[in-house]
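A.B. asks: Handing you a structure now.
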Amino acid sequence: MVELKRDIYSKLVQWKNNDSGKVLILSGARQVGKTFILNKFAKDNYKKYIYINMVQTSGQEFLQCLQMSNEWKPGEARIEKPLHKALTLFDPDFQDTKDTIVVVDEIQESARVFSLIRQFSREFQCHFIVTGSYLGKTMNKDYFLPAGDTDAMVLDTLSFEEFLSGAGKCELYEKISLTGDDPHESYDELRDLYDIYIHIGGYPAVVKTWLETGDLEKCRQELAGIIRIFVEESERYFDSILEINLFEQLFPSIAQSMIKESKGSANLVTELSKVIFNEESDRVTRKSVNQAIGWLYRSHIIGYCDRANECNIMDITYHSRFYFCDVGVARYFLRMSGADPATIEGIVNENFVYLYLQKLIREQKIAGTAPAFGVYKGGEIDFLVRSLDTYEDCAIEVKSGKNAGKTANRLLEDGRVDKVYFLKGDTYGGISGKKLTIPVYLCRRIDF
């Protein structure tokens, strides 16, 4: 059986060693492997591991233990440390030491347990991790958000590097020159693997299917199953049949919005309402679309891209474009939309770069709250990046074609950026002054 190594494992170990006293909230889309990696981390690094899943029997049992530990009648002595008592009732071997870890999975299913996070942080020595695929539910007013008492991590679908690790090609990827100094055969090998990756994406079950069978059609079926289950599970969080029907239409509508050659939208909700219903003025429709988009965003299915007006990183229009949080999902819905192969290829490559920039923002290596594309003198650049190390501004052009590079060259000529990166699939790389041409599949090696 294939076991995929995940980069987040070392971050979990670092979190343990830092011993911040805070509860770790691990978020991520459904079926990205949160439970698997936490099981491995907990068993490898702690003497005692308690696992509670709020959608399974263990969750109901823990709620019963909470109820018993809080029972009290006038005149009786109150139970000291009722939460400690609840965990002892749940597992008689529980000890509140740093060698113990408690993982509460799918915590969004219980507002009561979620609202205990602050107490987990402040009243215990042992470590707590809470996680869930649908943490968007915790935006409900019944959930107490424990600001200041939590650390946060996100587990994404497998990156290209993690995919290569599973294929045994990570060393080649890490050592190859960005600018074409190695044998072309090495680049071709990585490009062929990249072509596989941007077809299937990074969901662990899909990647395992390819590693075990090499069958792209089986991978597509596996991905379709993941999407179907996500939609079915999400529907129980929506109240009306209108919202449920809208939710199923939203995916292809988002794909259509990605296909449009535009400068982004000032109001994505209104634009999507037009695509779905052709009714701009229906307030209920726009509210429902907004709620559904928010759900997809908080479920780590889609991400926002901002717009840098006149390529000024300090003049941002927020949430002007969508991308998917997995390139396989992006291709799946772009294909459903009927887009031609060249268009799909271009957008999926952009989506691939977007996800890397999103990671760098999360790690506070580049500026912004989301990746940003730029508009400049009527033209457009795919992404604009400001390094938080050197404060250099870099333009990134992913698309190919006769107009590729026109805006990028103008930005250089006008002194608006310090470097331009041309990311292409059919190149071995090269440098010409402040212009760097790099194979798109090596973009994650760029250190801004």
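The values are calculated or read from the model by the stated rules, or taken from the named source; none is laboratory data. All of these numbers come straight from a predicted model, not from anything done at the bench. Methodologically, a virtual Cβ is constructed for each residue, glycine included, from the backbone with ideal geometry; neighbour enumeration extends over all protein chains shown. With ligands, DNA and RNA removed, areas are computed over all heavy atoms of the protein, side chains included. Shrake-Rupley method; radii C 1.70, N 1.55, O 1.52, S 1.80 Å.
A.B. asks: What area, in nm² and to one decimal, does the C-alpha convex hull of the stretch 83-159 cast on average over all directions?
C.D. replies: Spelled out: convex hull of the Cα atoms, projected over all directions, averaged, 6.1 nm².
A.B. asks: Specify, per residue and in Å³, the volume enclosed by the convex hull of the alpha carbon atoms belonging to the stretch 45-138. Intermediate values should be presented prior to the final figure.
C.D. replies: Working: hull volume 9.6 nm³, N = 94.
Dividing the Cα hull volume of the stretch 45-138 by its residue count gives 103 Å³.
A.B. asks: Is any residue of the stretch 307-322 close enough, with backbone N under 13 Å, to a label point placed 7 angstrom from the Cα of Asn409 along the Cα-Cβ axis, and if so, which?
C.D. replies: none
A.B. asks: What base-10 log of the normalised intensity I(q)/I(0) is obtained for the stretch 174-229 from the Debye formula, alpha carbons as equal point scatterers, at q = 0.12, 0.14, 0.28 Å⁻¹?
C.D. replies: -0.37, -0.47, -1.05
A.B. asks: Under a cut-off of 19 Å between alpha-carbon atoms, report the aspartates and glutamates in cross-link reach of Lys43, not counting same-chain residues fewer than 8 places apart.
C.D. replies: Correct list for Lys43: Glu3, Asp7, Asp19, Asp91, Asp93, Asp96, Asp99, Asp105.
A.B. asks: When the Karplus curve 6.51 cos²θ - 1.76 cosθ + 1.60 is applied with θ = phi - 60°, which whole-Hz ³J(HN,Hα) does each residue of the stretch 87-98 get, with x for Gly and Pro?
C.D. replies: 5, 5, 5, 5, 9, x, 8, 4, 9, 7, 10, 6
A.B. asks: Under a point spin-label approximation (7 Å from Cα along Cα-to-Cβ), what is the Gln14-Gln56 distance to one decimal in nm?
C.D. replies: 2.9 nm
A.B. asks: Please sort by residue number the trypsin sites (Lys or Arg not before Pro) in the stretch 288-397 whose DSSP state is loop and whose Cβ has at most 13 other Cβ atoms within 10 Å.
C.D. replies: Qualifying residues, ordered by number: Lys377.
A.B. asks: Follow-up question, since we're still on this one. Once you have the Cα-Cα distance between Arg122 and Thr317, take 0.36 nm times their residue separation minus that, and quote the gain in nm to one decimal.
C.D. replies: Length difference between fully extended and current span is 66.3 nm.
A.B. asks: Can you tell me the length gained on complete extension of the stretch Thr213 to Arg236, counting 0.36 nm per residue apart and subtracting the Cα distance?
C.D. replies: Contour length minus Cα-Cα distance gives 4.9 nm.
A.B. asks: Could you please state how large a percent of the accessible area of the stretch 59-177 is carbon and sulfur, counting protein chains only and using a 1.4 Å probe?
C.D. replies: Working: 2790 of 5850 Å².
C and S fraction of accessible area: 48 percent.
A.B. asks: Which of the peptides 108-116, 6-14 is most tightly packed, and how do the rest follow, going by the mean number of other Cβ atoms within 10 Å of each residue?
C.D. replies: The packing order, highest mean first, is 108-116, 6-14.
A.B. asks: Calculate for the chain the 222 nm mean residue ellipticity that helices alone would give, adding -39,500 (n - 2.57) per DSSP H run of length 4 or more and normalising by residue count, nearest 500 deg cm²/dmol. Don't jump to the answer; show the numbers that get you there.
C.D. replies: On the way: 17 runs with 202 residues, N = 448.
Only helices count here, giving -14000 deg cm²/dmol.
A.B. asks: Right, next: Of Lys169/Lys424; Lys11/Lys47; Lys5/Lys175; Lys5/Lys399, which ones are farther than 23 Å apart at the Cα?
C.D. replies: Numbers: Lys169/Lys424 20 Å; Lys11/Lys47 19 Å; Lys5/Lys175 19 Å; Lys5/Lys399 31 Å.
Pairs exceeding 23 Å: Lys5/Lys399.
A.B. asks: Also, I was wondering about something else. Take the Cα atoms of the stretch 299-429, find their three principal axes, and give me the spread along each one in whole Å, biggest first.
C.D. replies: 41, 36, 29
A.B. asks: Per the Debye formula with a single identical scatterer at each Cα and no solvent contribution, what log10 I(q)/I(0) holds for the chain at q = 0.11, 0.12 Å⁻¹?
C.D. replies: Debye output, listed in q order: -0.95, -1.10.
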